[in-house]
Amino acid sequence: MKNLLNVLRDDDVETELMQVIETIIDASKEIAFRVRQGALAGVLGSTQDENIQGETQKHLDIISNQLFKDLLLACRPVAALASEEEDTVVEANPTGKYLVAFDPLDGSSNIDINGQIGTIFSIYRALDLIPHHSEMQFHQQGSQQVCAGYVLYGPSTLLAITTGKGTRCFTLDSTQGNFLLTADKIQIVQDTQEFAINMSNSRFWSEDMRCYISDLTLGETGPRQKRYNMRWNAAMVGDVHRVLTRGGIFLYPSDNRNAKQPAKLRLLYEANPMAMLTENAGGRAWSEQQRILEIQPQQLHERVAVILGSANEVDECLSYLQR
């Protein structure tokens, strides 16, 4: 089996970008070890603090964020960092060529129950004529990503990654510490009978979204005339990994609970990298109005609705919303 670095070399990924990816992988390996140790490593439980998103931080959130910061700040090709856990951009190397945005620990609510959690990351080229540590560096469309991926800390530690030449999956060989290629150039099936959504929010959705989900749950007796199953992990990495592996549609629609915050997922750290992975695997990734990778960011912590997965099912969902 090929390891990650060999695959990146075969794809002619430039050396400095490989350095950045290697650094991200080193951080994820350390997090994977601590996750496996669980209570033995003292990483469970919550702090009394909230992050910039207004979410109560878990001990492992803080540990993971600091690990990524420490390693990436020591990586010379990195110009600046943006983390879900940080208020502002973190300055790195003024001569660096790359920007890294990351959610150090997705699915924090699953930490204490030994559920699925993961890391999501995205890499861009630093822009000329803009200070390397400026927030404007990160106001790039998702289509400008040079690499995106996630690490899923499950029964095995998995890496899904793309540099624009297909989406691949690697599995961590804990005996040697290498990520080995286990799924080459994944293709998401175009049709599906599986959906992932947080049904507890249904009363806050638009009427069109409620109608779409209702028609799925009617199964063979409804207008879709086939039975659908619902799956929900409360961790985007787990739900999207299932979509990459066997198809499906993942939805986190906008809702009306808070007019100032109509969406949940962050464009920079979650929607853009997952959209790049999905599209490079033959799927589709949209907000409720446009292709996610074409959204022009306006803020560092901007949030968007997300609909991604099997192409035909995403189209079907959008047809309900565009009536």
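The values are calculated or read from the model by the stated rules, or taken from the named source; none is laboratory data. Predicted model, so just to flag it, every value in this text is computed and none were measured. Cβ placement follows ideal geometry from the backbone for every residue including glycine, while neighbour counts extend to all protein chains displayed.
Taking the criterion of being among the polar types (S, T, N, Q) and more than 18 Å from A234 (Cα to Cα), the residues of region 245-301 that qualify are N256, N258, Q261, N272, T278, N280, S287, Q289, Q290, Q296, Q298, Q299. Checked against the criteria, D70 does not count as at pLDDT below 95 and of a type in the set (D, E, K, R). Of the residues making up region 212-223, those that are of a type in the set (D, E) and exposed (fewer than 12 other Cβ atoms within 10 Å of the Cβ) number 1. Applying the criterion of being in contact with a strand residue (DSSP E or B) (Cβ under 6 Å, 6 or more places away or on another chain) and either free of Cβ contacts under 8 Å to residues at least 60 places away in the same chain or of a type in the set (D, E, K, R) (or both) to the residues of region 249-265, the residue that is nearest to L293 (Cα to Cα) is L265.
Here's the yes/no breakdown for (1) more than 20 Å from the chain's Cα centre (by Cα); (2) closer than 27 Å to E22 by Cα:
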| position | (1), (2) |
| --- | --- |
| T167 | no, yes |
| L180 | yes, yes |
| D184 | no, yes |
| Q187 | no, yes |
| F195 | no, no |
| M199 | yes, no |
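Listed residues V13, V20, V43, V7; which is of a type in the set (V, I, T), modelled with pLDDT of 95 or more and outside any helix (DSSP H, G or I)?
Checking each option against the conditions leaves just V13.
State all residues of region 224-245 that are surrounded by 13 or more Cβ atoms within 10 Å (Cβ to Cβ) and of a type in the set (D, E, K, R); if no residue qualifies, say none. Answer for region 224-245, where residues must be surrounded by 13 or more Cβ atoms within 10 Å (Cβ to Cβ) and of a type in the set (D, E, K, R): R224, R227, R231, D239, R242.
Residues in region 115-130 that are surrounded by 15 or more Cβ atoms within 10 Å (Cβ to Cβ) and under 16 Å from K97 (Cβ atoms): 6 in all.
Within region 201-211, is there a residue that is modelled with pLDDT of 95 or more, among the aliphatic types (A, V, I, L, M), surrounded by 15 or more Cβ atoms within 10 Å (Cβ to Cβ) and part of a helix (DSSP H, G or I)? So far as region 201-211 goes, yes, one or more of its residues are modelled with pLDDT of 95 or more, among the aliphatic types (A, V, I, L, M), surrounded by 15 or more Cβ atoms within 10 Å (Cβ to Cβ) and part of a helix (DSSP H, G or I).
Filtered by the rule that a residue be under 17 Å from Y98 (Cα atoms), in contact with a strand residue (DSSP E or B) (Cβ under 8 Å, 6 or more places away or on another chain) and either part of a helix (DSSP H, G or I) or among the small types (G, A, S) (or both), region 143-182 gives Q144, A148, G149, G164. For P262, the criteria (1) in contact with a Ser or Thr (Cβ under 7 Å, 6 or more places away or on another chain); (2) crowded, with 18+ Cβ neighbours inside 10 Å hold in every case but one, which is (2).
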